[in-house]
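**Q** Before I ask anything, here is the structure I am working with.
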Amino acid sequence: MADWKNFLKGFYDTYNDQLHIVVIGSAKLDVYKKGGDSLLGRYFLYHQYPLTIGEYLKTKCLDGKEITPPLEIDDKKWTQLFEFGGFPEPFLKKDPLFSNQWQRLKHQQLFREDLRDFDRIREIEQCELLATMMQERAGQLVNYSQLSKLVRASDYSIRKWLGALKSLYYCFFIRPWSKNISRSLIKEPKCYLWDWATISDPGMRIENFVACHLFKAVSLWTDIGLGSYELSFIRDKDKNEVDFLITKNNIPWILIEVKKSSNTSITSSLYKFQKALGVKHTFQLAFDMPYINQDCFLLEKPTIVPMKTFLSQLV
């Protein structure tokens, strides 16, 4: 239906006091929305992202608060979500053979149909190679010039293709935080994949797993009107770095460092940036640490906390 937005506009204006309308669709719905909005002022936009720990554990919407009490997730379900990803079919099937087949079909759909129709992209094989490279570079700074040499394409093409992959929800980017917003937009971002199950390196997958949870949380908090939230990372000229920073209404709120093991000391960067920015909550998440039934957000100093507990308090 080519003129669906104008149809909905007329339908809403005629019957808005008699019914509620929910319009759902794939990534293309968000892409087409940007081409001019005849429904302006008549709807709210909500993003639907892959399944997370909080969504699996809770059935009710947020009640005006970002953070909920901790809930314990079964170890098998935790492993199932981490290994098979947050897309419904492979998560529910929990079958490696089915997951491999599903991954292959999803890949074909993206590169043989969706991407070809998007923004007149014709260099499908090069774009496919770029996507494969991003699986090996998840969580790393995006070096456009290096990628252009490896893919044998211009810097402009690399930026264009990554933008297309982002629009089609293959990946997302987080930028370095800076008080000077224009500077943060110039610096190289980090790239993460929405399907963390495609990442083979355990450390990269763990960080990407957390990134997806955090990005989903800040998106929902913003969508439902709790405030304006952003997910960034932070790095100074001395290369002191913290994996993630959540800002609330442009004010630094939560610092998060991700570690595979709990047998490591708290990184000094957490202390450094908490003091410099006045961040209220500062966590080092440990992947291998068992669940503890304690509200992480009662803590206001750098602390090693179980990843299971922390993620259960998000959405």
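The values are calculated or read from the model by the stated rules, or taken from the named source; none is laboratory data. As the structure is a computational prediction, the values presented were derived from the model and not from experiment. Please note: Cβ atoms are built from the backbone with ideal geometry, for glycine as well, and neighbour counts cover all protein chains shown.
**Q** Report yes if some residue within the range 155-175 is loosely packed, with under 13 Cβ neighbours inside 10 Å, in contact with a helix residue (DSSP H, G or I) (Cβ under 7 Å, 6 or more places away or on another chain) and in a loop (DSSP other than H, G, I, E, B); otherwise report no.
**A** no
**Q** Restricting attention to the range 273-288, which residues are more than 18 Å from Thr52 (Cα to Cα) and buried (at least 16 other Cβ atoms within 10 Å of the Cβ)?
**A** Phe273, Gln274, Leu277, Val279, His281, Thr282, Phe283, Gln284, listed by residue number.
**Q** Let me ask something else. Restrict the check to the range 274-285 and report whether at least one residue is over 22 Å from Gly139 (Cα atoms), of a type in the set (Gly, Ala, Ser) and not in a loop (DSSP other than H, G, I, E, B).
**A** Within the range 274-285 (the criterion being over 22 Å from Gly139 (Cα atoms), of a type in the set (Gly, Ala, Ser) and not in a loop (DSSP other than H, G, I, E, B)), the answer is yes, since at least one residue qualifies.
**Q** Continuing with the same structure: Name the residues in the range 286-313 that are out of contact with any His (no Cβ under 8 Å at 6 or more places or on another chain) and either charged (D, E, K, R) or assigned to a helix (DSSP H, G or I) (or both), would you?
**A** Our first condition is that a residue be out of contact with any His (no Cβ under 8 Å at 6 or more places or on another chain); within the range 286-313, this holds for 286-295, 298, 301-310, 312-313.
Result: Asp288, Asp295, Leu298, Lys301, Met307, Lys308, Thr309, Phe310, Ser312.
**Q** Kindly evaluate Arg137 against the criterion of being of a type in the set (Lys, Arg), under 30 Å from Glu241 (Cβ atoms) and assigned by TED's automatic domain parsing to the domain that holds Glu257. Lay out the reasoning, then the answer.
**A** Details: of a type in the set (Lys, Arg): yes; under 30 Å from Glu241 (Cβ atoms): yes; assigned by TED's automatic domain parsing to the domain that holds Glu257: yes.
In short, yes.
**Q** Which one is modelled with the lowest pLDDT, of the residues in the range 10-36 that are loosely packed, with under 10 Cβ neighbours inside 10 Å and under 16 Å from Phe118 (Cα atoms)? Walk me through it before giving the result.
**A** Taking the range 10-36 as the starting set, the residues that turn out to be loosely packed, with under 10 Cβ neighbours inside 10 Å are 13-14, 17-20, 22, 24, 34-36.
Subsequent filtering for residues that are under 16 Å from Phe118 (Cα atoms) retains 34-35.
Working: Lys34: 57, Gly35: 54.
Checking each candidate, the answer is Gly35.
**Q** Could you tell me how many of the residues in the range 51-95 are more than 24 Å from Ile292 (Cα to Cα), outside any loop (DSSP other than H, G, I, E, B) and not aliphatic (A, V, I, L, M)? So that I can check it myself, show each step before the final result.
**A** First, pick out the residues of the range 51-95 that are more than 24 Å from Ile292 (Cα to Cα): 64, 84, 87-95.
Still in the running and outside any loop (DSSP other than H, G, I, E, B): 84, 88-93.
Going one step further and asking which of them are not aliphatic (A, V, I, L, M), we end up with 84, 88-91, 93.
Of the residues in that region, 6 qualify.
**Q** So how many residues does the range 220-271 have that are part of a helix (DSSP H, G or I), within 19 Å of the chain's Cα centre (by Cα) and surrounded by fewer than 22 Cβ atoms within 10 Å (Cβ to Cβ)? Break it down stepwise before answering.
**A** Applying the first criterion (part of a helix (DSSP H, G or I)) to the range 220-271 yields 220-223, 268-271.
Still in the running and within 19 Å of the chain's Cα centre (by Cα): 220-223.
Cutting the leftovers down to surrounded by fewer than 22 Cβ atoms within 10 Å (Cβ to Cβ) gives us 221-223.
The total comes to 3.
**Q** Are any of the residues in the range 212-230 closer than 30 Å to Thr132 by Cα and small (Gly, Ala, Ser)?
**A** Yes - at least one qualifying residue is present in the range 212-230.
**Q** What pairs can you find where one residue is in the range 69-91 and free of Cβ contacts under 8 Å to residues at least 60 places away in the same chain, the other is among the basic types (Lys, Arg), and their Cβ atoms are less than 8 Å apart, with a gap of 6+ or different chains?
**A** Once the first residue is free of Cβ contacts under 8 Å to residues at least 60 places away in the same chain and sits in the range 69-91, its partners that are among the basic types (Lys, Arg) give Gln80/Lys94.
**Q** Going through the range 108-128 one residue at a time, which ones are free of Cβ contacts under 8 Å to residues at least 12 places away in the same chain and either more than 16 Å from Lys166 (Cα to Cα) or part of a helix (DSSP H, G or I) (or both)?
**A** So the first thing to find is which residues in the range 108-128 are free of Cβ contacts under 8 Å to residues at least 12 places away in the same chain, and the list is 108-109, 113, 116-117, 120, 122, 125.
The answer is Gln108, Gln109, Glu113, Arg116, Asp117, Arg122, Glu125.
**Q** Another one. Among the residues of the range 176-198 satisfying the criterion of being at pLDDT below 95 and part of a helix (DSSP H, G or I), which is surrounded by the fewest Cβ atoms within 10 Å (Cβ to Cβ)?
**A** Of everything passing the filter in the range 176-198, Ser182 is surrounded by the fewest Cβ atoms within 10 Å (Cβ to Cβ).
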